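The structure appears below as structure tokens.
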Amino acid sequence: MTKTALNPSSNKVPRQFDRQDWASGYCNVEKELNVVSIRPKKGKIPQELCGFFYRNGPGRVERDGNRVHHPFDGDGMITSIRFKNGEATLSNRFVRTKGWEEEEKAGKFLYRGVFGTQRPGGTIANAFDLRFKNIANTHVIKLGAQLLALWEAAGPHALDPITLETIGLTTLNGVLKPNEPFSAHPRFDPGHHGTPRMVTFGVKAGPKSIVRLMEFETEGEEAGKLIHNREDSFNGFSFLHDFAITPNWAVFLQNAISFNPLPFVLGQKGAAQCLKSKTNGKGKFLLIPRDSGAFAGEPPRSFDAPDGFVFHHLNAWEKDEKVIVESIHYPDFPEVGPQDDFLKMNFDLIPAGILSKCEINLVNQKVQTTRYSEQCCEFAMVNPHQEGLSARYSWMAVAGKPKGYAPLQAIKKLDLSNLEEFIWSAAPRGFVSEPLMVPKSNSKIEDEGWVLVLVWNGARCGTDLVILDAHDLKEVAVIELPISIPHGLHGSWVSEV
Ligand code: CO
């Protein structure tokens, strides 16, 4: 394994960003393009990079002069960048959800948003309106022949993987009940039990929460077929956005969160704004045995989790009697109040996400936590071949300063074995989104490949696609895209077959 050296740029104090540059990244996407050729402004597209880079995120954040209360309420817009033989093309399309079609026609917001967007007309116009719009804006993945636009509170929308045309809400051939919650965070098992699989879940939250764990075939004739399914119920309200897998376990962190729906019912708050950290509450790790693993059929196990709040996990793996889970821990649940304007939020008051490792001892029940770094981070991943196994490297988006919360402006590669790091920075005028590590095909070297990242370029109010070398984060190519894509959420890579 190559020994990496500390990149000196990681110790530099970056110049302060401009809030207007950051805020300009929350804009409507005004056009949809179909297979438009895109060329690097700098560098070259690697010949071996062949496949589709899909991204999802809010593409419409304003209607009729009204802005969404929080960007997470924006309608899902899919971007697809196809790489082949050193060339690239871009397509983008909104997911034609029922709500998007209706609001397009009306020219105004007709639905309340989960994160506090209100219909025009104040509290009275919103009280007792408990309908919600499936905005399909959180993640996009391929399962079988279809692309799925995911939003965790309801069912997935199926899309054509080439044209991005919306086929419609899908039950995945009857696996799901109509509009059954289906997580926006599937995990791809690279072959822990022979063949690769997609493992995912759905949560029916309430005083008792039911977690449904599902495993799907991802290859061959049977791709998209459900092969394992189990349901477990847990006491208390569960807010589970993400999870992690190992060969034997699906690992969840049940945050100590309570839900009081009254302000939502009365039209004062969005449903997600009714979530609150429980005073003196204790989070729990929930380990659900995978049906293909050594503990199949056994009941779930529960362990104390550290204080704080977790949206996203990096990875998990097993070693002897331990399950090790790496996650981004926040000291508290970051709330967006009904009166707060997200564009004016005080960054100094926002909790910083810290990458940490929790070692859960299945025998003596003890949990030991270690922090990897003090730098605020989000959207971390390992080489997809190491998903659920011990991984040496991780790639993530980090704040443009070494401590405390700030907008994400750099990409970091962290060597988890010795904490050596490489940084590629888009500061002061660039803002990064989730980096995607694409391994070089047929390579056994864990950090051989590329990192793809969409960067909001505040200098030109547009989006750049940046391709980095996964080993040392050296810039391979920069492509100025012909559309401006707001700060987005999750995406995936699908190799060309
Ligand atoms: Co997420």
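See the values below:
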quantity	calculated
Estimated distance in nm for a label pair at Ser233 and Glu165, the labels positioned 7 Å out from Cα along Cα-to-Cβ	4.4 nm
Most to least accessible of Ile45, Ile227 (protein chains only, probe 1.4 Å)	Ile227, Ile45
Placed amide H near Gly191: partners under 5 Å, 5+ positions off or other chain	Arg197
Overall Cα dimensions of the stretch 294-369, principal axis frame, Å, largest first	50, 23, 18
With every protein chain in place, the stretch 317-409: carbon and sulfur % of accessible area (1.4 Å)	51 percent
Over 15 Å [Cα-Cα, the stretch 445-488], rounded percent	43 percent
Cα pair distances in the chain, grouped into 10 Å bins until the bin that holds the longest one, percent each	4, 20, 32, 30, 13, 2, 0
Per residue value of the accessible surface for the chain (all protein chains in place, 1.4 Å probe), Å²	42 Å²
For the chain, with +1 on Lys and Arg beta carbons and -1 on Asp and Glu, the positive-most of Gly191, Ser441, Pro486 along the dipole	Pro486
Calculated [θ] (222 nm, deg cm²/dmol) that DSSP helices of n ≥ 4 give over the chain, each run adding -39,500 (n - 2.57)	-1000 deg cm²/dmol
Whole-Hz couplings from phi, Karplus 6.51/-1.76/1.60, listed for the stretch 89-95; x for Gly and Pro	10, 10, 10, 8, 7, 5, 6
Positive-end residue, the chain charge dipole about Cα centroid, Cβ charges, pick of Gln16, Gln365, Gly388	Gln16
Approximate shape of the stretch 343-435 as ellipsoid semi-axes (Cα gyration tensor, √5λ), whole Å, largest first	26, 17, 11
Pairs from Lys84/Lys444; Lys108/Lys344; Lys42/Lys142; Lys42/Lys440; Lys177/Lys208 whose Cα-Cα separation, in the structure shown, is over 27 Å	Lys42/Lys142
Relative contact order, percent, the stretch 4-495 [alpha-carbon distance under 8 Å, six or more residues apart]	15 percent
Cβ-derived FRET efficiency at R0 45 Å, Lys344 paired with Asn418, nearest 0.05	0.65
Eligible aspartates and glutamates near Lys401 by straight Cα distance, threshold 13 Å, same-chain separation 8 or greater	Asp348, Glu374
Rounded to the nearest 20 debye, dipole of the chain from Cβ charges on Lys, Arg, Asp, Glu	780 debye
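The values are calculated or read from the model by the stated rules, or taken from the named source; none is laboratory data. Source: prediction; values computed, not measured. No Cβ is skipped: glycine too gets one built from the backbone with ideal geometry, and neighbour counts run over all protein chains shown. In case anyone asks, the SASA skips ligands and DNA or RNA and just uses the protein heavy atoms, side chains included. Shrake-Rupley method; radii C 1.70, N 1.55, O 1.52, S 1.80 Å.
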